[in-house]
Each structure stands twice: as C-alpha cells, then as structure tokens.
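Let me begin by presenting the structure, written as structure tokens, before commenting on it.
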Amino acid sequence: MTGTPIEDGDLPEPGGADAPGRALLPEKGLLPEKEPGAFRTISEVAEDLDLPQHVLRFWETRFTQVRPLKRGGNRRYYRPDDVDLLRGIRRLLYGQGYTIRGAQRVLRERGMRFVQAVGRGEQVAPAFVESDPEPEPEVAPPPLGRADRASLTAVLDELRACRRSLAGLRMTEGDSDGQRE
C-alpha cells in the first residue's frame, strides 16, 4: 500500500510506515474504487449525488422506502439499490421540479423499482403536473334556521361550562399537589 506516514519526516524512522500498527494516510486520489455491489457510507453517497449529508437524512424521514443499513453509532450504509433510489428521488426533485409530495406520489403509484430506474437513467418520470387543481370558490352555506341556531348555541354553552369545570379541577389539583407528602 502506498501512502504518506502520519508523522512526516525527511528520512524514514526505524519501525516506520511499514511497521505493524502504524497508520498510513492515503495519498490523494489513491483510494481504490469500490466494487459496484459494495455498500456506501453516507459521505460517499452525498458526494456522489452532490448533496449535503443532512439532505439524505431528511429524505429518510420523508421517503419510507429509503432505509439504509444502520450499524454501531447509527452509521449508515447504503446498498446499491438505495443509492439508485436516492438518485431517482434527486432527479424527480431537482431535475424535474417535483415537490416532495409529488415524488412520494410517484413512488406510491409507480413503485420503488420505477424510481430506481429513473435514478439509473433507464426511465423518465412523467412530466410534473400539480394534482391539486385551483380550489373552486366557496359557496356560502345556506343561513341557519332559528331552531338550528338555538341548538348550536346550547351546545356551545355546554362546552363552555365543561371548560370552566375542567379549569376548576386543574386549580384544585394544583393546590392539593403541594400539600401531599
């Protein structure tokens, strides 16, 4: 393995970089590429997708399908399918202008495999269309009759009486809490 010893010096010391137990810092650009099926850390995925790590953590809360393997210390390891799914979500959100709710709908209606294929560039998601049309102007409800108004007023009075009773009970409980031993 090539690398720079942690403690740089002009001349190698006895028991230097090749000595057992001495850590090596890899030289820039010398990290071996991982196999295609290897798990990725959150930092590797974030760098690959050009996203901050906190965005990936946020997406875990919004997309239940994103479930990285978590090891000790809550370290996240993403499977290749997870990375494809995240790449698909990224394309939906940033490339096609979907909202989180819209991307959730695509996942729900088309499935995880479809979004993974979008992430790999094998599929194209449908053009984003806002599903909530302009709300129609509200039509005022018909006016209440006398009987309905009287009935609702009686219910409101009863609710207010309940609120006063509950407030009284809270005051009583608060007073007795301090006296208990």
Pairs returned, first residue in the stretch 78-95 that is free of Cβ contacts under 8 Å to residues at least 12 places away in the same chain, second residue that is buried (at least 16 other Cβ atoms within 10 Å of the Cβ), beta-carbon separation under 7 angstrom, 6 or more apart or interchain, are 93/103
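Residue-by-condition table, conditions (1) over 26 Å from residue 51 (Cβ atoms); (2) aromatic (Phe, Trp, Tyr); (3) assigned to a helix (DSSP H, G or I); (4) at pLDDT 90 or above:
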{"position": "85", "(1), (2), (3), (4)": "no, no, yes, yes"}
{"position": "93", "(1), (2), (3), (4)": "no, no, yes, yes"}
{"position": "102", "(1), (2), (3), (4)": "no, no, yes, yes"}
{"position": "107", "(1), (2), (3), (4)": "no, no, yes, yes"}
{"position": "118", "(1), (2), (3), (4)": "no, no, yes, no"}
{"position": "127", "(1), (2), (3), (4)": "no, no, no, no"}
{"position": "141", "(1), (2), (3), (4)": "yes, no, no, no"}
{"position": "148", "(1), (2), (3), (4)": "yes, no, yes, no"}
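Residues checked against (1) farther than 27 Å from residue 99 by Cβ; (2) hydrophobic (A, V, I, L, M, F, W, C); (3) modelled with pLDDT of 50 or more; (4) open to solvent by less than 80 Å² (accessible area, probe 1.4 Å):
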site	(1), (2), (3), (4)
9	yes, no, no, yes
31	yes, yes, no, no
46	no, yes, yes, yes
60	no, no, yes, yes
67	no, no, yes, no
71	yes, no, yes, no
74	yes, no, yes, no
78	no, no, yes, yes
82	no, no, yes, yes
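The values are calculated or read from the model by the stated rules, or taken from the named source; none is laboratory data. Source: prediction; values computed, not measured. Every residue, glycine among them, receives a Cβ derived from its backbone with ideal geometry; neighbour counts consider all protein chains shown. Protein only, heavy atoms only, side chains kept; ligands, DNA and RNA dropped before computing areas. Shrake-Rupley method; radii C 1.70, N 1.55, O 1.52, S 1.80 Å.
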